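Enquirer: Right, I'll just put the structure down here and ask away after.
Laboratory data are not the source of any read-out in this text; all were calculated from the coordinates shown. Everything numeric here is computed off the predicted structure, so don't read it as measured data. With ideal geometry, Cβ positions are generated from the backbone for all residues, glycine too; neighbour counts draw on all protein chains shown.
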Amino acid sequence: MDTKKRSLIILIIILSIVSIFVWKTEWFQRSIFPKRYWTEKVNELERAIKVQEFMIRDTNIELAKKMATIKFDIAQEANLAEMTGINSEKMIEEATKAKIQEMENLRKSIDMMEKMLSKKQKELEMARQKMAEHQ
């Protein structure tokens, strides 16, 4: 095979590989197939929002469980401290701090997830507007 044919084959292979990567880029899909791109983006964001809402509900349930059982958990710690002869006041204080910290961490998680949800909802609204423009 002569050098020109070999060079042409290599060039075709390189162009094929590059075109495959370019084809899959968000920019290319948004520019060439905007209707399909924005439809897929809306579907993706709707799924992400459902997951985020589920996670918020689940974390709220976990927080409610912690709040409902904190007295029992602390009483259990006090009982254990009394049984083992450890300073029960100190153990109760540490257990109380730990339980309060757990609840604070859950509240912070909920706040963070709600902010993320709000951001996703704004992105969804923008994506729906873009999708409507390309109908």
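Enquirer: Taking a 23 Å limit on the Cα-Cα distance, which of the listed pairs Lys50/Lys97; Lys50/Lys130; Lys71/Lys97 fall beyond it?
Expert: Table pairs above 23 Å Cα-Cα are Lys50/Lys97.
Enquirer: For the range 70-135, what does the alpha-carbon gyration tensor say about shape, rounded, prolate or oblate, given a ≥ b ≥ c as the root eigenvalues, a/c under 1.5 as rounded, and a/b over b/c as prolate?
Expert: It comes out prolate by the Cα gyration axes.
Enquirer: With just the Cα atoms defining each centre, how far is the range 41-62 from the range 72-86? Give it in Å.
Expert: 39
Enquirer: How many percent of all Cα-Cα pairs in the chain sit more than 26 Å apart?
Expert: When every Cα pair of the chain is considered, 59 percent fall beyond 26 Å.
Enquirer: Further question on the same structure: Hey, what number do you get for the chain at 222 nm if only DSSP H runs of n ≥ 4 count, each worth -39500 (n - 2.57), divided across all residues, to the nearest 500?
Expert: So the helix-based figure for the chain works out to -33500 deg cm²/dmol.
Enquirer: Follow-up question, since we're still on this one. So, counting K/R as plus one and D/E as minus one, what does the shell of residues with Cβ under 15 Å around Thr69 add up to?
Expert: Once all neighbours under 15 Å are counted, the net charge is 0.
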